[in-house]
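Novice: Got a structure here, written out as structure tokens. Questions coming.
The values are calculated or read from the model by the stated rules, or taken from the named source; none is laboratory data. Quick caveat: nothing in here was measured; it's all calculated off a predicted structure. Note that each Cβ is placed from the backbone with ideal geometry, even for glycine, and that neighbours are counted across all protein chains shown.
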Amino acid sequence: MNSEPIVEIKGVSKTFTDSHNNVHALTNVDLEFWPSTFNVIIGPSGCGKSTLLYLVAGFETPTTGQVILNGEEVKEPGPDRGFVFQDYALFPWRTVLGNITFGLTNNGWKRKEAIERAREYIRLMNLEGFENAFPHTLSGGMKQRVGIARALAYDPLVLLMDEPFGALDAQTRKYMQQELVRIWQETKKTVLFITHSVIEAVYLADRIVVMTARPGQVKGIVDVDLPRPRNYTGDDYLEVREKVLSLLEEEVAKGIKDSLASDNTLFTD
Amino acid sequence: MTKDKIKQDLINLFPFVVVGILWEVIVQLGLSGIKTLPAPSDIFRSAWSLIWGSNVLFHHLLSSLYRITVGYLLAVTLGIAVGVLLSLNKTLHMIFSPVISLLISVPTLAWVPVLLVIMGLGDRTVIMTIFLGGFFAIAYNTMSGIEMVNQNQIHAAEIVGVKGLRLVFSVLIPGSLVSIIAGLRLGIGYSWRALVGGEMLAAMIQWGVGKMIYQARFFNDTAVMFVGLILIGISSTIIDQLLLRRLERWTIEKWGVVAEN
Amino acid sequence: MKQFQKWLLPVLFIVLLLGAWEVLARTHIINGALFPQPSKIAAEIQSVHTRELPERSLLLKHIEATTYRLVIASSIGILAGIVAGLVMGISPAIYRFFNPLMTALMPIPGIALAPLFIVWIGFGNPTIISLGGLAAFFPIAYNVTAGVRSVDPQLVRAATISGSTRLGIAFQVYLPWAMGYLLTGVKLGLARCWRTIIAVEFIAATNYGLGYMIWDAASYLRSGIVFGGIAILIVFYFVLEKGVLNLLEAQTIRRWGMVK
């Protein structure tokens, strides 16, 4: 890969403590992510992959180790990162336009310029005509378009996506995956994308990081060197898929013992 | 479990101790700027002499408790009865439920001048005010509670031949107890306010916690006022916790009908 | 149309009741001095209206005085309640300290504090408005606190990652999220504020206000004005609730799809 990594995770462990016990979410994770690459992090449920993303976002701080973003240690959340949530987390009291301008006006943009910028992203996300709609009137897929537009509008260095299509139906999900690839190719952002669908991972990623069951560690990394646009069927596609699956299989078996057995989406969707 | 509870009680008590000490210090150093602000120690002394010296505190408290007992019990009995009646008869309901929701908005104490004109300035006016304060809330909540009782439960009772008053007591009231108890709680709040205000406003009575506070004004005796306020706070908490909370635990929580928030 | 049907029967009933009352009082079957007939109530209220005409209407003056107190007191109570609710809702430490104090103070009726406030700040508006404000404050602070504490943490995260300041998050995330709770609090607070103001006007007002008018009339046994005054209170509050509060609700949480 080229040049310097934009995100570095150095010896990171994270332990959650409540009044009764400790939960080791991550132990000793070392990872590097390069600019403008599409990275997918995959692993069984409860493997701490979301925690990893929260550490990069600055929502949580590591128990040990460091997260470095663009040469500086991450201490708190900030607009050099964009975040897309699984449950959208749109502000119900703001219109589509208001949600997208949120990060702009709060970073010193003039209202007029913020609206202009937001309109660009509304076009990019195919949301024209819904500028003044309130989120509760939109479908799940539409909501997540707004979520992505909101995260991209203020031009962050890194786009963090926490199972962004997990709540969508299969049809919408496929469509959103295609859209995301198109947008990524247009904006050339560095993407860190969490999923537990292998199909999704292989369709989207330049590079797939496979995590172990709890406590989360890096099990292996699979580079995906397939041409885009990809389909979900070719031989080379299936080959990569098998590779990821074989890495995952024993972890899932462990994960099942860990009580999170109902996670059948892993292989099927 | 009990250890946690004691710890929680101590945590809850802590702010009162802090405020009390701060208050005492501020008054003793003369920093309050209000000459008539008593220090906690003054209030304590005042309470002591009201209890042991002149011996009047219990008399005031007992008078108030007598009035609220009579007034509130009346409100509970009639409130539930009227609530049941209005929920059972469609026509009565259509006529009276808007009337009740209008009358509910009348400040309870605004009934005092009306009662004063009709029945004078004595005990009866205060008790009647307490009654009116509790009555509307209880009647309204009983009515809306019964309307939401599961129809199948009613059918289940009717099919085994339960009807009339037995249906009311064995199905309708237990089934709407969540709402009724909410009404009882609201009602005791209103009744309690009515008691204090009523005692202040009714000129012909001599005893009562409200009266004690009101009379202290003529002597600018703010310490006595604070004693009265604290007494009101404690009594209403005790009534709520000891009676209503317990009622709740014995019935709806035991039946698992509601998760108290 | 449905509204019309819903109100038809009760209105008819009230009209019938008033008619019967009129007849019974005129024929001296019930005591007209204690229960003055509707026409007499109307006449007495009319007399309050005309007493100081043509310069001004005394009745309007009373209504104005009470409205003024209600507006000032509830505004203070709402603003203070929002600020206190935000602070208590956002900071767990402040919450732990002040919540027990608030729980203890909340049930104390406003009128019980009136003698104390009269001694401290005197008769009239100072005492009436302070107690009205205090009455509004508690339920609003309590509800906003509960609302803020129930916030969806993802929304807070979404705001922090896009670089919002703490103050920005307080007003752009916590407050709108707690809007439903705020409205509930305002409803309760306004009702308590209204009750308290009328009651305190009984003992602390010196010349104007609906409470003063009613209490003054009662001490001269002018039952017509007392009954008429109560009727005015009912209409006043009805307008307040249906007009102001429901409009506010429709403009905010209903529009945002935050109520089912």
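Novice: Considering every residue within the stretch A:12-32, establish whether at least one is touching a residue at least 60 places away in the same chain (Cβ under 8 Å), within 16 Å of the chain's Cα centre (by Cα) and on the phi < 0 side of the Ramachandran plot.
Specialist: Scanning the stretch A:12-32, I find at least one residue that is touching a residue at least 60 places away in the same chain (Cβ under 8 Å), within 16 Å of the chain's Cα centre (by Cα) and on the phi < 0 side of the Ramachandran plot, so the answer is yes.
Novice: Name the residues in the stretch C:236-260 that are more than 14 Å from chain A (Cβ to nearest Cβ) and among the aromatic types (Phe, Trp, Tyr), would you?
Specialist: Answer for the stretch C:236-260, where residues must be more than 14 Å from chain A (Cβ to nearest Cβ) and among the aromatic types (Phe, Trp, Tyr): C:PHE236, C:TYR237, C:PHE238.
Novice: Anything in the stretch A:180-213 that is under 26 Å from A:ASP235 (Cβ atoms) and among the charged types (D, E, K, R)? List them, or say none.
Specialist: A:ARG182, A:GLU200, A:ASP206, A:ARG207, listed by residue number.
Novice: Quick check on this structure: which one of B:ILE43, B:ILE68 is touching a helix residue (DSSP H, G or I) at 6+ places or on another chain (Cβ under 7 Å), part of a helix (DSSP H, G or I) and at pLDDT below 90?
Specialist: Numbers: B:ILE68 fails: at pLDDT below 90.
Testing whether each residue is touching a helix residue (DSSP H, G or I) at 6+ places or on another chain (Cβ under 7 Å), part of a helix (DSSP H, G or I) and at pLDDT below 90 leaves just B:ILE43.
Novice: Quickly run through the stretch C:201-220 and pick out the residues that are over 18 Å from B:TYR214 (Cβ atoms) and within 8 Å of chain B (Cβ to nearest Cβ). If you could, list the steps in order and put the result at the bottom.
Specialist: As a first pass, look at the stretch C:201-220 and keep what is over 18 Å from B:TYR214 (Cβ atoms): C:207-210, C:213-214, C:216-217, C:220.
The answer is C:ILE214, C:ALA217.
Novice: So how many residues does the stretch B:157-198 have that are outside any helix (DSSP H, G or I) and either surrounded by fewer than 21 Cβ atoms within 10 Å (Cβ to Cβ) or hydrophobic (A, V, I, L, M, F, W, C) (or both)?
Specialist: Qualifying residue count, the stretch B:157-198: 5.
Novice: Of the conditions (1) at pLDDT 85 or above; (2) closer than 25 Å to B:ALA110 by Cα; (3) within 12 Å of chain C (Cβ to nearest Cβ), B:THR222 satisfies every one except a single condition; which number is it?
Specialist: (2)
Novice: Among the candidates B:LEU109, B:LEU61, single out the residue that is in a helix (DSSP H, G or I), farther than 20 Å from B:ALA137 by Cβ and touching a residue at least 40 places away in the same chain (Cβ under 8 Å).
Specialist: Matching residue, one of B:LEU109, B:LEU61: B:LEU61.
Novice: So, in the stretch A:49-84, how many residues would count as being assigned to a strand (DSSP E or B) and either under 18 Å from the mean Cα position of the chain (by Cα) or at pLDDT below 90 (or both)?
Specialist: The number of residues fulfilling the criteria is 7.
Novice: What about C:GLY132, is it under 17 Å from C:VAL186 (Cα atoms), buried (at least 20 other Cβ atoms within 10 Å of the Cβ) and within 14 Å of chain A (Cβ to nearest Cβ)?
Specialist: It is false that C:GLY132 is under 17 Å from C:VAL186 (Cα atoms), buried (at least 20 other Cβ atoms within 10 Å of the Cβ) and within 14 Å of chain A (Cβ to nearest Cβ).
Novice: Considering only the stretch C:147-170, I want to know if a residue exists there that is more than 10 Å from every other protein chain (Cβ to nearest Cβ) and at positive phi.
Specialist: no
Novice: Does C:ILE78 satisfy being β-branched (Val, Ile, Thr), surrounded by 17 or more Cβ atoms within 10 Å (Cβ to Cβ) and farther than 22 Å from C:LEU188 by Cα?
Specialist: Criteria not met by C:ILE78.
Novice: Let me ask something additional. Considering the stretch C:23-63 alone, what residues qualify as being among the acidic types (Asp, Glu) and loosely packed, with under 15 Cβ neighbours inside 10 Å?
Specialist: Result: C:GLU52, C:GLU55.
Novice: Here's something else I'd like to know. List, please: which pairs have Cβ atoms under 6 Å, are six or more places apart or on different chains, and start with a residue in the stretch B:3-19 that is at the interface with another protein chain (Cβ under 8 Å from one of its Cβ atoms) and end with one that is surrounded by 12 or more Cβ atoms within 10 Å (Cβ to Cβ)?
Specialist: Partner pairs satisfying both residue conditions: B:ASN12/C:PRO100; B:PRO15/C:PHE97; B:PRO15/C:PRO100; B:PRO15/C:LEU101.
Novice: Scan the stretch B:32-53 and tell me whether some residue there is within 12 Å of chain C (Cβ to nearest Cβ) and either of a type in the set (Ser, Thr, Tyr) or within 30 Å of A:SER19 (Cβ to Cβ) (or both).
Specialist: Yes; the residues of the stretch B:32-53 include at least one that is within 12 Å of chain C (Cβ to nearest Cβ) and either of a type in the set (Ser, Thr, Tyr) or within 30 Å of A:SER19 (Cβ to Cβ) (or both).
Residues are listed down the side, and each one gets a yes or a no for (1) within 14 Å of another protein chain (Cβ to nearest Cβ); (2) part of a strand (DSSP E or B); (3) among the small types (Gly, Ala, Ser); (4) buried (at least 23 other Cβ atoms within 10 Å of the Cβ):
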| position | (1), (2), (3), (4) |
| --- | --- |
| A:TRP109 | yes, no, no, no |
| A:LYS112 | no, no, no, no |
| A:ALA118 | yes, no, yes, yes |
| A:ASN126 | no, no, no, no |
| A:PHE130 | no, no, no, no |
| A:ALA151 | yes, no, yes, yes |
| A:ALA167 | yes, no, yes, no |
| A:GLN178 | no, no, no, no |
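Condition check ((1) over 20 Å from C:PHE202 (Cα atoms); (2) in contact (Cβ under 8 Å) with a residue 24 or more places away in the chain; (3) more than 17 Å from the chain's Cα centre (by Cα)) across all residues:
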{"site": "B:ARG166", "(1), (2), (3)": "yes, no, yes"}
{"site": "B:VAL178", "(1), (2), (3)": "yes, yes, yes"}
{"site": "B:TRP192", "(1), (2), (3)": "no, yes, no"}
{"site": "B:GLU199", "(1), (2), (3)": "no, yes, no"}
{"site": "B:GLN215", "(1), (2), (3)": "no, no, yes"}
{"site": "B:MET225", "(1), (2), (3)": "no, no, yes"}
{"site": "B:GLY233", "(1), (2), (3)": "yes, no, no"}
{"site": "B:TRP250", "(1), (2), (3)": "yes, no, yes"}
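Novice: Which ones in the stretch B:114-138 are touching a residue at least 12 places away in the same chain (Cβ under 8 Å) and not hydrophobic (A, V, I, L, M, F, W, C)?
Specialist: Correct list: B:GLY120, B:GLY122, B:ASP123, B:THR125, B:THR129, B:GLY133, B:GLY134.
Novice: For the stretch C:29-46, give me each residue that is in contact (Cβ under 8 Å) with a residue 24 or more places away in the chain and either out of contact with any helix residue (DSSP H, G or I) (no Cβ under 8 Å at 6 or more places or on another chain) or away from chain B (no Cβ under 14 Å) (or both).
Specialist: Of everything in the stretch C:29-46, those that are in contact (Cβ under 8 Å) with a residue 24 or more places away in the chain and either out of contact with any helix residue (DSSP H, G or I) (no Cβ under 8 Å at 6 or more places or on another chain) or away from chain B (no Cβ under 14 Å) (or both) turn out to be C:ALA42, C:ALA43, C:ILE45.
Novice: Between A:VAL191, A:VAL210, A:VAL222, which is assigned to a strand (DSSP E or B), over 16 Å from the mean Cα position of the chain (by Cα) and at pLDDT 85 or above?
Specialist: The conditions single out A:VAL222.
Novice: Counting only residues that are closer than 28 Å to C:ARG195 by Cβ and of a type in the set (Phe, Trp, Tyr), which one in the stretch B:161-194 is farthest from the other protein chains (Cβ to nearest Cβ)?
Specialist: B:TYR190
Novice: Then there's this: Among the candidates A:ILE42, A:ILE100, single out the residue that is β-branched (Val, Ile, Thr) and assigned by TED's automatic domain parsing to the domain that holds A:SER13.
Specialist: Exactly one of A:ILE42, A:ILE100 is β-branched (Val, Ile, Thr) and assigned by TED's automatic domain parsing to the domain that holds A:SER13, namely A:ILE42.
Novice: I've got another one for you. Could you tell me whether the stretch B:16-31 includes any residue that is on the phi > 0 side of the Ramachandran plot and more than 23 Å from the chain's Cα centre (by Cα)? Before you say what the answer is, go through the steps one by one.
Specialist: To start, the set of residues in the stretch B:16-31 that are on the phi > 0 side of the Ramachandran plot comprises B:30.
Within this subset, residues satisfying the condition of being more than 23 Å from the chain's Cα centre (by Cα) are B:30.
Yes - at least one qualifying residue is present in the stretch B:16-31.
Novice: Restricting attention to the stretch B:199-208, does a residue exist that is modelled with pLDDT of 85 or more, part of a helix (DSSP H, G or I) and not acidic (Asp, Glu)?
Specialist: yes
Novice: Kindly indicate the residue of the stretch A:78-96 that is over 20 Å from A:THR137 (Cβ atoms) and surrounded by fewer than 23 Cβ atoms within 10 Å (Cβ to Cβ) and also nearest to the other protein chains (Cβ to nearest Cβ) among those meeting that condition.
Specialist: A:PRO79
Novice: Turning to a different aspect of this structure: Within the stretch B:86-102, track down each residue that is touching a helix residue (DSSP H, G or I) at 6+ places or on another chain (Cβ under 6 Å) and more than 7 Å from chain C (Cβ to nearest Cβ).
Specialist: Residues satisfying the conditions are B:LEU86, B:SER87, B:LEU92, B:HIS93, B:PHE96, B:ILE100.
Novice: Every residue in the stretch C:221-235 that is in contact (Cβ under 8 Å) with a residue 12 or more places away in the chain, in a helix (DSSP H, G or I) and either more than 9 Å from chain B (Cβ to nearest Cβ) or aliphatic (A, V, I, L, M) (or both), please.
Specialist: Correct list: C:GLY224, C:ILE225, C:VAL226, C:GLY228, C:ILE230, C:ALA231, C:ILE232, C:LEU233.
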